[in-house]
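The values are calculated or read from the model by the stated rules, or taken from the named source; none is laboratory data. The shown structure was predicted, so the numbers you read here are calculated from the model rather than taken from an experiment. Note that we place each Cβ from the backbone using ideal geometry, even for glycine, and neighbour counts take in every protein chain shown. Just so you know, the surface numbers come from the protein's heavy atoms only, side chains and all, with ligands and any DNA or RNA stripped out. Shrake-Rupley method; radii C 1.70, N 1.55, O 1.52, S 1.80 Å.
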Number of protein chains: 2
Amino acid sequence: MVRARSEERRADILRAALEVIAERGYRGATLGSVAERVGLTQQGLLHYYPTKEALLVAVLEERDRWDTSGGRDREGWRLDLLESLVEYNAMRAGIVQTFSALLGESVTDGHPAREFFTERYAQVRANMADVLRLEFGERLPGGLTPERAAPLLTAVMDGLQYQWLLDPAAVDMPGAFRDFLRLLHGSGGRG
Amino acid sequence: MVRARSEERRADILRAALEVIAERGYRGATLGSVAERVGLTQQGLLHYYPTKEALLVAVLEERDRWDTSGGRDREGWRLDLLESLVEYNAMRAGIVQTFSALLGESVTDGHPAREFFTERYAQVRANMADVLRLEFGERLPGGLTPERAAPLLTAVMDGLQYQWLLDPAAVDMPGAFRDFLRLLHGSGGRG
DNA sequence: CCTCACCTACCTGTAGATCGGTAGGTGACG
DNA sequence: CGTCACCTACCGATCTACAGGTAGGTGAGG
């Protein structure tokens, strides 16, 4: 089973790449350091992924596969599943850090992950709108529509991640996210 | 007026550094490209800022000066001033991009801007809490306190910036921010 | 004439990538 | 069943390109 061995290697490499990118970002990551983690030389790594960018693409594709296999765009999430996702993320700083670092880099000119994130966020917003519609129908507090609230929901998740990564002790990410959901439910009204 | 000339140069360099960091992030930025933009050689630049990190520090310090001169922590903002800030940012993609890129990088291990952002966000949250307290008193919709809502307000601003930078046409940043404020005001209730 | 503002020349390190190999396996065929 | 062609999975050496930083100037102005 040469094939299987090869696939396993590739998976190992992707895992290592995830780690290294989390630690140093894509630009700061080196092929050598990824290779070292899998017990290969840089040249050995290039046998599997011919360029650094190809490796990044593979990482992003795996992310996509992971997201969608979680059921994200098959039949969509529900709000309480989003809550669980945030809780899950709070235990997986590594992955969060990888993609937060990549998102940050991706806004720079000509970054290889830029297109990926642009498309991804369009999709995520559409998804969030569905989730919100499922939960609230057409009308949300503040006179918002699901489409108008979707970018906010997305923004809160991302923004909280940065604050949490910078200072995990100072920010209760899942708690804050629940707070936001409470805000959406409009429960309690005012003072 | 040699002094003045020198200060002017430094200001030019900082401006150029802002630009280059926006385009390529800190790690991707090179001293040479910053220098070129001011009409200097790389070594000429090093005359003013002896290391790359010193240049970054200067950039961050200038940001701090800019923020605080705007009145941020002197006597604090009010919510409607935050709204104007977001509108202002929407016309200054360059600066937003610079600091979004830096924020993203800063979550990676040992990044020179990490401490800056960590402290900064603690301060920003405290500030936001003040703003919210001024506007709402102790009780916000959803039973939130100003302290609990502050990370959310912060997260929304940052998160929207990323979405907007990735696809300005798809996200109306100031509009979305106003939506969030409406949510905070709890106006409209449900249905 | 001395100091500030720069430049030329240069060093060292490192990154991504290419080239040319080698060792081990696999499959076809006489 | 053996051997020859060929493939996979690598490694060592090496190339090219910068990058950041140092050392030692030069020239203009005060």
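Scanning the range B:127-151 for residues that are of a type in the set (A, V, I, L, M, F, W, C) and more than 8 Å from every other protein chain (Cβ to nearest Cβ) yields B:MET128, B:ALA129, B:VAL131, B:LEU132, B:LEU134, B:ALA150.
Regarding B:THR154, is this residue facing chain A (nearest Cβ under 7 Å), surrounded by fewer than 22 Cβ atoms within 10 Å (Cβ to Cβ) and in a helix (DSSP H, G or I)? Walk me through it before giving the result.
Working: facing chain A (nearest Cβ under 7 Å): yes; surrounded by fewer than 22 Cβ atoms within 10 Å (Cβ to Cβ): no; in a helix (DSSP H, G or I): yes.
No: the conditions fail for B:THR154.
Being open to solvent by 60 Å² or more (accessible area, probe 1.4 Å), more than 11 Å from chain B (Cβ to nearest Cβ), within 16 Å of DNA strand C (Cβ to nearest atom) and within 24 Å of B:SER106 (Cα to Cα) holds for only one residue in A:ARG37, A:ARG24, and it is A:ARG37.
The single condition from (1) within 18 Å of B:THR154 (Cα to Cα); (2) assigned by TED's automatic domain parsing to the domain that holds B:ALA169 that B:ARG63 fails is (2). Annotation note: of B:ARG9, B:ARG5, the sole residue that is surrounded by fewer than 18 Cβ atoms within 10 Å (Cβ to Cβ), at pLDDT below 95, near DNA strand D (Cβ under 10 Å from one of its atoms) and over 22 Å from B:PHE99 (Cβ atoms) is B:ARG5.
Screening A:GLN42 on (1) within 14 Å of chain B (Cβ to nearest Cβ); (2) near DNA strand C (Cβ under 10 Å from one of its atoms) shows it passes everything except condition (1).
Which of the helices (runs of 4 or more DSSP H) contained wholly in the range B:1-111 include at least 3 residues that are of a type in the set (Ser, Thr, Tyr) and within 24 Å of A:ALA113 (Cα to Cα)? Let's see the steps before the verdict.
Values: elements: B:2-28, B:31-38, B:42-48, B:52-69, B:79-89, B:93-106.
Per the criteria, B:93-106.
If you go through the range B:95-121 and pick out every residue that is open to solvent by 50 Å² or more (accessible area, probe 1.4 Å) and without any contact (Cβ under 8 Å) to a residue 60 or more places away in the chain, you end up with 5.
Every listed requirement among (1) within 17 Å of the chain's Cα centre (by Cα); (2) near DNA strand D (Cβ under 9 Å from one of its atoms) is met by B:GLU53 save one, (1). B:ARG92 meets each of the listed conditions (1) open to solvent by 80 Å² or more (accessible area, probe 1.4 Å); (2) away from DNA strand D (no atom under 14 Å from the Cβ); (3) more than 15 Å from the chain's Cα centre (by Cα) apart from (3).
Taking first residues from the range A:38-53 that are in the same structural domain as A:GLU7 (by TED's automatic domain parsing) and on the phi < 0 side of the Ramachandran plot and partners that are assigned to a helix (DSSP H, G or I) and within 6 Å of DNA strand C (Cβ to nearest atom), the Cβ contacts under 6 Å between residues at least 6 apart in sequence or on separate chains come to A:GLN42/A:LEU31; A:GLN42/A:GLY32; A:LEU45/A:LEU31; A:LYS52/A:LEU31.
Looking only at the range B:158-174, how many residues end up being touching a residue at least 12 places away in the same chain (Cβ under 8 Å), closer than 20 Å to A:LEU140 by Cα and either open to solvent by less than 10 Å² (accessible area, probe 1.4 Å) or facing chain A (nearest Cβ under 7 Å) (or both)?
Applying the first criterion (touching a residue at least 12 places away in the same chain (Cβ under 8 Å)) to the range B:158-174 yields B:158, B:160-162, B:164-165, B:168, B:173-174.
Now restrict to residues that are closer than 20 Å to A:LEU140 by Cα: B:160, B:173-174.
When the remaining residues are screened for being either open to solvent by less than 10 Å² (accessible area, probe 1.4 Å) or facing chain A (nearest Cβ under 7 Å) (or both), the result is B:160, B:173.
Going through the range B:158-174 one residue at a time, the tally reaches 2.
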